[in-house]
Amino acid sequence: MLELHNTLTGETEEFVPLEEGKVRFYSCGPTVYDYFHIGNARPFIVFDGLRRYLEFKGYDVEFTQNVTDLDDKIIDRAEEEGLEPAELAKKYADAYFQDLERLGIKEADYRPRVTEYVDEIIDHVSALVEEGYGYEVDGDVYFRVRKFENYGKLSGRSVDDLESGSRVEVNEKKEDPLDFALWKSSKPGEPSWESPWGQGRPGWHIECSVMAQGTLGETIDIHAGGQDLIFPHHENEIAQSEARTGKEFSRYWLHNGLLRFEGEKMSKSLGNFEYARDVLEDYDSETVRYFYFATHYRKPLNFSKKNLDDAASAVNKVYDFFEVVEGSGNPGKQGAPGTEEGREFQDYLGAADERFTEEMDKDFNTPGGLGVIFDLIKRANKFRDGGPEKDMFLLESAADKVRELSRPLGLFQGKGENQLEGLEEGLLELLLDVRGDLRKEEHWELADKIRSELKSMGIEIKDQDGGTNWRVKS
């Protein structure tokens, strides 16, 4: 039974989707005014993993992740770079999708952009104005927070206790400091659309509501994002969505903990960040994914080279296991084990799925799931070292089980195989032979250069007694 921690209730609850067997899942995407940093990558990777795990459990998942391609930050950055806002947004949206692919993140079923939904946003805002939830002042439209009785139910904040502070926009035109913008009148030279209130553009919060409901329906199962979005963004999404439909907007709200850099939240405004694409120059995608999944998604996580190095070491241990199994010369799967030790090990493998799902079902407990995988590898290595020779074929089953259980996390799917073909593989083998000759003649500098260049191209080599193994990093 899958349980998820619902921010809306503050409880860990059994996950029961609105429609049996189907999950409507929305995860907040980026504002494309820059490359995303490694802290931004956490929700992208975490909720990619949850989506995969739901599919692993047999759910039909419809997954939406938006692209905010219209925002004050985009307008400001476009002016800095001497581009039109649309040009800048396209530049960084294209980079965003490239970096998602490099991180092994599955493409969303729907990838709506704000500029594609302006008409729908105008319709939504118009409906809120008609119902008295919205009001217009000088071309701007605001949401009456106090009119929505349940405002604060996600963040646990009382309207009476909220003050016009750092997260609440202060504007003398508003009836109440807590009211937030649904529609903004445009300044000269800014992107704008004709609306009942004059030329303007959408406010930030309304965009996600309309794109989520436009792709997944008025009530969705899961809405996810970082903890920093709980208030005011997600709180405002609930208010403006439910005020219009009278229906629950999202049944489960999931929020990941923030990535910290030397004890502080990683943030572009603070300047303490690393672009994800820069991190991927030094670490492969599986290392980055493992780095996140080794800590529970709701806990804070500290970014450091040591933590990434530890993740890389763990990933390499799994591929070392694959290489040992595949290079052992043991026959493939065959019949039933012929010894008591073999039967015990086979029973252990047969129960691995249940152990894995039992851990993962505890609020997407990826550290527990990884623990099951590494316990399996440890047990397999022990069996290899002391088990009966005639049952060594079970090690291949163990490797297959590791890959099967790792699939929902997007890990260890290289299968330990060399994923090059024909001429490419022949040239690589020739190059490794040349490198081997250089090592024999103690031309270490040139041999190391070959290793370094291959690594930069995504090919990892490992020198062992009797030869050199290689694999393509994922």
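If only one of Asp99, Asp94, Asp160 is without any contact (Cβ under 8 Å) to a residue 40 or more places away in the chain, assigned to a helix (DSSP H, G or I) and of a type outside the set (S, T, N, Q), which one is it?
Working: Asp99 fails: without any contact (Cβ under 8 Å) to a residue 40 or more places away in the chain; Asp160 fails: assigned to a helix (DSSP H, G or I).
Unique residue meeting the criteria: Asp94.
Using beta carbons and a limit of 6 Å, which pairs, at least six apart or on different chains, have the first residue in the stretch 371-390 and within 15 Å of Ser406 (Cα to Cα) and the second one of a type in the set (Phe, Trp, Tyr)?
Final answer for the pair search is Val372/Phe356; Ile377/Phe321.
Which condition does Thr12 not pass, out of (1) open to solvent by 10 Å² or more (accessible area, probe 1.4 Å); (2) not in a strand (DSSP E or B), if it passes all the others?
The one condition Thr12 does not meet is (2).
In the stretch 342-356, what residues are in contact (Cβ under 8 Å) with a residue 40 or more places away in the chain, open to solvent by 40 Å² or more (accessible area, probe 1.4 Å) and either touching a strand residue (DSSP E or B) at 6+ places or on another chain (Cβ under 9 Å) or within 20 Å of Phe412 (Cα to Cα) (or both)? Write out each step before concluding.
Of all residues in the stretch 342-356, those in contact (Cβ under 8 Å) with a residue 40 or more places away in the chain come to 342, 345-346, 349, 352-353, 356.
Subset that is open to solvent by 40 Å² or more (accessible area, probe 1.4 Å): 346, 353.
Answer for the stretch 342-356, where residues must be in contact (Cβ under 8 Å) with a residue 40 or more places away in the chain, open to solvent by 40 Å² or more (accessible area, probe 1.4 Å) and either touching a strand residue (DSSP E or B) at 6+ places or on another chain (Cβ under 9 Å) or within 20 Å of Phe412 (Cα to Cα) (or both): just Asp353.
Among the listed residues Thr115, Thr68, identify the single one that is of a type in the set (Ser, Thr, Tyr) and open to solvent by less than 10 Å² (accessible area, probe 1.4 Å).
Values: Thr115 fails: open to solvent by less than 10 Å² (accessible area, probe 1.4 Å).
The match here is Thr68.
In the stretch 173-190, which residue that is in contact with a strand residue (DSSP E or B) (Cβ under 9 Å, 6 or more places away or on another chain) and open to solvent by 30 Å² or more (accessible area, probe 1.4 Å) is farthest from Glu79 (Cα to Cα)?
Going through the qualifying residues, I end up with Glu175.
The values are calculated or read from the model by the stated rules, or taken from the named source; none is laboratory data. Computed from a predicted structure; not experimentally measured. Please note: Cβ atoms are built from the backbone with ideal geometry, for glycine as well, and neighbour counts cover all protein chains shown. Accessible surface areas use protein heavy atoms only, side chains included; no ligands, DNA or RNA. Shrake-Rupley method; radii C 1.70, N 1.55, O 1.52, S 1.80 Å.
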